[in-house]
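Let me begin by presenting the structure, written as structure tokens, before commenting on it.
Read-outs: derived from the displayed coordinates by stated rules, not from any lab. Since the structure is predicted, the reported quantities are computational estimates derived from the model, not experimental observations. All Cβ positions, glycine included, derive from the backbone under ideal geometry; neighbour counts span all protein chains shown.
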Ligand SMILES: CC(C)(COP(=O)(O)OP(=O)(O)OC[C@H]1O[C@@H](n2cnc3c(N)ncnc32)[C@H](O)[C@@H]1OP(=O)(O)O)[C@@H](O)C(=O)NCCC(=O)NCCS
């Protein structure tokens, strides 16, 4: 599937809302939260757009003043577009965008039961360093993971998970 990556615009709010509905069972953003994210100066929203202009993935980075750590605040790929390398491509582009903004470290939280996302993060060089009990609305715990942005990806992708 051909797709391009571009920055999110306020007009993408509905498309992101619908994408979130397809991607997450709980802890989804409201339209209001998404509208806010799409206009925040301290956020970068990167969208993957298919040939027919459908938004098939997105990730949001948040930045704090005087901090070299960026946070991956949201990240998902449309179920119909998964398993084709888009998640990895989007994550690589997000890392580059964070580096471009001067960040030296990327931080994220992931559900402890989300093996696919955790596997991808590990193979991309993220390290789980903190367990967060009862982190999500349904009581699921999270792993906090981070990556130094100059760090290489794990050398052996097959055995790293
Ligand atoms: C996590 C997610 C973004 C991955 O997107 P994707 O486009 O399928 O990712 P890719 O095709 O680039 O695959 C990434 C890796 O996961 C592996 N993978 C993908 N789907 C898989 C599956 N169902 N089972 C096992 N491995 C899988 C791929 O083989 C690939 O391995 P590699 O790193 O060795 O290349 C996607 O599954 C998703 O949106 N999940 C729901 C939302 C979510 O969990 N977001 C993360 C919140 S922290």
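Points to keep in mind about this one:
- For the chain, the relative contact order comes to 17 percent (Cα pairs under 8 Å, sequence separation of at least 6).
- For the chain, the Kirkwood hydrodynamic radius from C-alpha pairs, put into Stokes-Einstein at 10 °C and a viscosity of 1.306 mPa s, yields a diffusion coefficient of 98 µm² per second.
- DSSP bridge orientation in the chain - percent antiparallel, rounded to nearest 5: 90
- For residue 51 and residue 14, a Förster radius of 22 Å and the Cβ-Cβ distance give a FRET efficiency of 0.65, rounded to the nearest 0.05.
- Backbone N under 14 Å from the residue 116 label point (7 Å along Cα→Cβ), restricted to region 42-67: 57-58
- Longest to shortest principal axis, alpha-carbon extents of region 60-123, angstrom: 38, 23, 19
- Scaling against 2.2 N^0.38 Å puts the C-alpha radius of gyration of region 36-79 at 1.32.
- Once the Cα-Cα distance is subtracted from the 0.36 nm per residue extended length, the residue 136 to residue 26 segment shows a gain of 38.7 nm.
- Taking every DSSP helix (H) stretch of at least 4 residues in the chain, weighting each as -39,500 (n - 2.57) and dividing the sum by the residue count yields a mean residue ellipticity at 222 nm of -8000 deg cm²/dmol.
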